[in-house]
Amino acid sequence: MRTYDIVIIGGGPAGLAAAEAAYKAGVTDIIILERDKRLGGILNQCIHYGFGLHTFRQELTGPEYAARYEDKIENLKIPYALETMVTDLKASDDGMKLITCMNKDKGMYQIGAKALILAMGCRERARGSMNTPGYRGAGVFSAGTAQLYVNIEGYMPGRKAVIVGSGDIGLIMARRMTLEGAKVQMVVEIMDHSGGLKRNIVQCLNDFGIPLKLSHSVIEIKGKDRVEGVVVAKVDDKLKPIPGTEEYVECDTVLYSVGLIPENELTRKLGADIDERTNGPVVAESLELSVPGVFACGNVLHVHDIVDHVSEEAEHAGENAAAYVKNGKVPDGAKGYVESEEKNVYRPGENEDKMTCIMCPNGCNLTAVKNKDGTVSVSGNLCPKGVKYATEELTAPRRTVTTTVKLRGAEISALPVKTSRTIPKEKIKDVIIELTGLTVRAPICVGDVIKPDIAGTGADIISCANA
């Protein structure tokens with residue numbers, strides 16, 4: 001049985017950052033186990049922008065963020081095994097961690113690890129957890145599954161959709177479906193406020209005229225073989241439907257965006273303590289589990305709102321695992337757990353001129369007022385970029401457009417692309433129309449120009465992924 005100093009389960013943003021940090025801390029006998037066909041994890045299908053402001057000091061799409069860490073792993077020559085599923089974990093009496101895994105080349109086999117880093121991420125809650133009545137007809141998806149179909153496989157799940165849940169994934173998929181030609185009838189949220197960033201309310205719903213129904217719930221899905229519509233009702237302060245408020249909404253697709261759950265079946269097999277509040281493992285400040293020499297980071301620990309925080313936390317996990325391998329313990333005062341910052345979420349009745357600046361990692365909460373003379377007064381900014389952002393948002397809003405084009409000659413069918421810079425908001429539709437039907441052929445690298453001066457905006461369409 002091959003034994004490694006450190007084995008990392010999961011090749012997403014947490015696993016990659018942990019591997020790099022452990023290597024730089026002096027432990028180089030590492031392997032990453034990833035069940036997908038490529039590294040990058042969920043970021044590969046998150047083609048929207050908003051990643052990297054803290055880590056790389058610029059705004060990136062998910063595939064671009066992942067590619068930067070993949071390049072680091074390749075440059076350090078850290079080995080990884082793709083399409084490899086871990087089926088069991090055990091800790092032996094001598095402190096060795098035994099990992100049972102399988103793939104198509106080796107079948108089922110075991111490896112050992114002096115230290116183990118868990119970076120398996122999280123999974124979506126599904127329709128079943130919501131107990132929504134109705135037949136199990138085609139057309140009901142989790143938002144992440146729909147995102148995979150659209151952004152990776154190049155398939156549309158439907159043409160007329162209702163989205164249940166207004167977290168960031170649901171809001172982003174409302175925009176994505178719209179850009180691909182679907183009609184999003186509404187986003188339905190059972191709470192009296194959205195769980196998504198206010199920025200996403202503005203750019204994913206308001207920009208496209210998609211209604212948000214707060215304090216409402218889908219109480220029935222109609223249609224036997226295929227979804228035909230849903231019944232939406234207003235809920236009271238106990239989240240119970242109010243009789244007489246029912247409304248039928250025609251649709252052929254329902255997307256559920258109702259929360260994420262840390263992926264910890266393997267953690268339980270290991271015998272580690274689980275925090276019932278987060279569904280993640282109980283960890284010390286150093287991110288070490290109740291099982292010595294095992295560390296957890298990222299969404300397997302608790303669901304993070306920002307991937308940059310996942311990477312920062314994972315770096316601490318990698319450093320601490322390396323210290324454990326070298327010294328048999330983690331030093332006192334080791335850095336570990338990274339707290340999530342409070343999100344600037346949308347609440348009805350707020351001043352609509354409050355916004356979060358996205359021009360730098362500060363993420364300032366701005367208040368902007370348009371004066372009678374046409375000027376804009378801005379407060380809350382820590383640097384001049386905030387003034388520029390708020391003024392532009394009130395007077396001439398601009399957007400970065402992310403979408404996909406058809407791809408040939410590669411494992412994926414859709415290539416994520418974006419505008420090389422922001423464009424006037426009113427030009428979004430022209431950009432999408434000009435890209436309709438465009439097909440490109442691999443090989444392509446991140447940053448390659450796919451189409452120059454798209455729709456006369458002066459911006460190029462560039463690739464967000466290597467293919």
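The values are calculated or read from the model by the stated rules, or taken from the named source; none is laboratory data. The model shown is predicted, which means the values in this text are computed figures rather than measured ones. As a convention, Cβ positions derive from the backbone with ideal geometry for all residues, glycine included, and neighbour counts pool all protein chains shown.
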Note on ALA21: of the conditions (1) hydrophobic (A, V, I, L, M, F, W, C); (2) closer than 30 Å to ASP88 by Cα; (3) touching a strand residue (DSSP E or B) at 6+ places or on another chain (Cβ under 9 Å), unmet is (3)
Those residues of the range 1-54 which are closer than 28 Å to CYS360 by Cβ and among the aromatic types (Phe, Trp, Tyr) amount to TYR49, PHE51
Scan the range 80-123 for residues that are free of Cβ contacts under 8 Å to residues at least 40 places away in the same chain and of a type in the set (Asp, Glu) and jot them down.
ASP93, ASP94, ASP105
Those residues of the range 97-110 which are within 24 Å of PRO262 (Cα to Cα) and aliphatic (A, V, I, L, M) amount to LEU98, ILE99, MET102
Among the residues of the range 253-312, what is the count of those that are of a type in the set (S, T, N, Q), touching a Phe, Trp or Tyr at 6+ places or on another chain (Cβ under 8 Å) and over 30 Å from VAL162 (Cβ atoms)?
2
Among the numbered criteria (1) out of contact with any helix residue (DSSP H, G or I) (no Cβ under 9 Å at 6 or more places or on another chain); (2) modelled with pLDDT of 90 or more, which single criterion is violated by VAL310?
(1)
I'd like to check which strands (runs of 3 or more DSSP E) are fully inside the range 43-156 and have at least 1 residues that are surrounded by fewer than 19 Cβ atoms within 10 Å (Cβ to Cβ).
85-91, 97-103, 107-118, 122-124
In the range 6-38, residues that are outside any helix (DSSP H, G or I) and surrounded by fewer than 24 Cβ atoms within 10 Å (Cβ to Cβ) total 11
Does THR402 satisfy the condition of being over 21 Å from the mean Cα position of the chain (by Cα), modelled with pLDDT of 90 or more and among the polar types (S, T, N, Q)?
no
What is the residue count in the range 92-126 for residues that are touching a Gly at 6+ places or on another chain (Cβ under 9 Å) and within 30 Å of VAL218 (Cα to Cα)?
5
Could you please let me know if ASP105 is under 30 Å from GLU411 (Cα atoms) and in the same structural domain as GLY41 (by TED's automatic domain parsing)?
yes
